[in-house]
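The values are calculated or read from the model by the stated rules, or taken from the named source; none is laboratory data. Everything numeric here is computed off the predicted structure, so don't read it as measured data. Every residue, glycine as well, gets a Cβ built from its backbone with ideal geometry; the counts of neighbours run over all protein chains shown.
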Amino acid sequence: MLRAGSADVFHVYEAIAVGPHALLGEVIKLGPDDFVAQIYEDTTGLKPGDAVTGSGQPLSISLGPGLLGGIFDGLLRPLNAADGPFIQPGARGKPAQRFSFEPSVRLGERIRPGQTIGSVATARRQLCLAPPGMGPGIVRWVASAGEYSGEEPICRLELEEGATCEVALTHAWPVRKPRPAAQRLPIAGPMITGQRILDTLFPVGRGSRAAVPGGFGTGKTVLQEALAKWSDADIIIYVGCGERGNEMSEVLDELPKLQDSRSGRPLMERTVIIANTSNMPVAAREASVYTAITVAEYFRDQGLHVALMADSTSRWAEALREVSGRLGELPGEAGYPAYLSSRLAEFYERAGRVSTLAGTEGSVTIIGAISPPAGDLSEPVTMHTRRCVRTFWALDRARAHARFYPAVNPLQSYSGDVEALARWWQIQGNPDWLAQRKRLLELLEAQVQLERMARIVGMDALPPAQQLTLSNADLVNEAVLRQSSFSEVDRYCSPQRQTAILGLIIRFIDLARGAVEAGVHPDRIRELPVRRTLQRIGEEYGEERIAGIGALWKQLESEFAGLPREHANAG
Ligand SMILES: Nc1ncnc2c1ncn2[C@@H]1O[C@H](COP(=O)(O)OP(=O)(O)O)[C@@H](O)[C@H]1O
Ligand SMILES: [Mg+2]
């Protein structure tokens, strides 16, 4: 934080360079004769009288083909493994990388902002777009196919008023300004996560937004990583936002070693990591989520589906609180500034499925983790986030303690995308998805009520139908909801396998109910060998054994047919 004179020379949110090392900063408040700036770097050594140079521009980042596979700080400066997690003061981070460019426009062609000019062959093919901020123009020169740095011009345009404009592979974009799209589109399909409890019960649409609140150790980071590994997004942006330094270094250690499940290539080839550990200046944390969402939009504009994981937005909110406190602003709930809710909304609103300026479809899906103090879901960050997101995955301490993972509490979680996704499941071959998920949720709700009752009157005092409900709910928990991220076989569950498992479980529930109505005691059903198999179905019937799940239907029918109908049950 810097307070200095001569306020009239700068704008609010103007990027500035401070002191002999030209430390990066941003003006955040203008007074009548002074201004306040936050410096995104360690300010040790700054002294009165040091020069401040304005850039005339808002805080911007450089977007280009060198981002994929990289690890950056909150201002998108590369963190090189060689330097450790630290950056030289004032570093702007322009790696001298060269890219193999192939033009796709012709001389004399008219180019609109955001339109494709060519492509770049990195580990995966990336499009080079005319910056969305410029005006339309006519191509007067375009570079031939070859190797270029990010800053060299690859195309010259004549703009409408006769001015010319040079386009490079890299362009700057202000982080706080959403990148434009041609049109926002409604949610039409899910972002498949491969986690049954999410895809089947609480799905998130492509271009939608979800929050994962959970106390310490409930599995936020493991879940975010599972999503990074398995979700069907083209590009993953992972922003580690001020969680404990060692936790971030675990992620930095682990993600680069992982393989992409689908392509068999390194996962990092489609990943950008933005790391802001708690030992970095607090103000840089505030900038990092804007940096991350801007990078996400940059890939969206190339017609890609992007998933952005932020772990954790609570640390970001704490950075807002700290900066606000230093500005002497009036604190609101729990000391957070009154604008906490609007900042959260601005961030989540940048998620979406769009038709891009280039005329293709792209999306950004945001998954934000929240670490509520003491797991209290009524604290301000969780409460305000709830209003911004459509899907809410509440992680539960009791489930985590019981080592029941993912520890998503099915009664506290919800998804606003369910109706929009029913058609997608129908096309995938499950027209009953909507009704089936509703039945599972009703069963899980009934379980909580009946367990309460059973604690009072004792399990044996419950009528057989209710005992069966409890045992069926157990089965749903074990077979459908439980899924270990560390299991080779079960860490990913395809939509086809989810459909097969779900259908079989629903069939079991129906047959069991019929049997109990016909007088079979629930204990007999509990003892059926097929039920034991079902309990472990995720582990035993992996992706290569989906056909085997179909074969279990026969066993199911025949075991139920063989049950002795002992006595007629009146109740
Ligand atoms: N989906 C999961 N499958 C298996 N184990 C899990 C899962 N989620 C969490 N765990 C266990 O819980 C521990 C804590 O999870 P973590 O994600 O670090 O919690 P948080 O980020 O919420 O503090 C992990 O080290 C792991 O042992
Ligand atoms: Mg964590």
- Looking only at the range 491-509, which residues are of a type in the set (A, V, I, L, M, F, W, C) and closer than 13 Å to ARG545 by Cα? CYS493, ALA500, ILE501
- Out of all the residues in the range 406-434, which are within 16 Å of ligand 2 (Cβ to nearest atom) and either in the same structural domain as ASP490 (by TED's automatic domain parsing) or assigned to a loop (DSSP other than H, G, I, E, B) (or both)? PRO406, ALA407
- Message: Restricting to the range 469-491, name every residue that is part of a helix (DSSP H, G or I) and within 15 Å of ILE505 (Cβ to Cβ).
- Response: THR469, SER471, ASN472, ALA473, ASP474, LEU475, VAL476, ASN477, GLU478, ALA479, VAL480, LEU481
- Query: With ARG386, ARG353 as the choices, which residue is in contact (Cβ under 8 Å) with a residue 24 or more places away in the chain, away from ligand 2 (no atom under 16 Å from the Cβ), charged (D, E, K, R) and closer than 25 Å to GLN183 by Cβ?
  - Reply: ARG353
- Message: Kindly evaluate GLN466 against the criterion of being surrounded by 14 or more Cβ atoms within 10 Å (Cβ to Cβ), in a helix (DSSP H, G or I) and without any contact (Cβ under 8 Å) to a residue 40 or more places away in the chain.
- Response: yes
- Query: Which members of the range 183-214 meet the condition of being more than 14 Å from ligand 1 (Cβ to nearest atom) and in a loop (DSSP other than H, G, I, E, B)?
  - Reply: PRO186, ILE187, ALA188, GLY189, MET191, ILE192, PHE202, PRO203, VAL204, ARG206, GLY207, SER208
- Mind counting the residues in the range 374-388 that are part of a helix (DSSP H, G or I) and under 14 Å from LYS220 (Cβ atoms)? 4
- Task: Kindly indicate which of GLY217, GLY162 is within 13 Å of ligand 1 (Cβ to nearest atom) and not in a helix (DSSP H, G or I).
- Result: GLY217
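Looking for something under 22 Å from ALA233 (Cβ atoms) and within 16 Å of ligand 1 (Cβ to nearest atom) - is there at least one such residue anywhere in the range 300-310? Full working, then the answer.
Let us first name the residues in the range 300-310 that are under 22 Å from ALA233 (Cβ atoms), namely 300-310.
Among the residues that remain, those that are also within 16 Å of ligand 1 (Cβ to nearest atom) are: 309-310.
Yes, the range 300-310 contains at least one residue that is under 22 Å from ALA233 (Cβ atoms) and within 16 Å of ligand 1 (Cβ to nearest atom).
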- Which condition does ARG285 not pass, out of (1) surrounded by fewer than 24 Cβ atoms within 10 Å (Cβ to Cβ); (2) touching a residue at least 12 places away in the same chain (Cβ under 8 Å); (3) more than 15 Å from the chain's Cα centre (by Cα); (4) within 16 Å of ligand 2 (Cβ to nearest atom), if it passes all the others? (1)
- Could you give every pair whose Cβ atoms fall below 9 Å, whose first residue belongs to the range 319-342 and is in the same structural domain as PRO380 (by TED's automatic domain parsing) and modelled with pLDDT under 95, and whose second residue is part of a strand (DSSP E or B) and aliphatic (A, V, I, L, M), counting only separations of at least 6 or pairs across chains? VAL323/ILE28; ARG326/VAL36; LEU327/ILE28; LEU327/VAL36
- Query: Which residues, taken from the range 392-432, are among the charged types (D, E, K, R) and away from ligand 1 (no atom under 16 Å from the Cβ)?
  - Reply: ASP417, GLU419, ARG423, ASP432
- Search result, residues across the range 332-360 that are surrounded by 18 or more Cβ atoms within 10 Å (Cβ to Cβ) and outside any helix (DSSP H, G or I): TYR336, PRO337, ARG350, ALA351, GLY352, ARG353, VAL354, THR356, LEU357, ALA358
- Residues located in the range 220-266, provided they are away from ligand 2 (no atom under 16 Å from the Cβ) and part of a loop (DSSP other than H, G, I, E, B): SER231, ASP232, ALA233, ASP234, LEU258, ASP260, SER261, ARG262, SER263, GLY264, ARG265
- Might you check whether a residue that is closer than 24 Å to LEU308 by Cβ and touching a Ser or Thr at 6+ places or on another chain (Cβ under 7 Å) occurs anywhere in the range 425-432? no
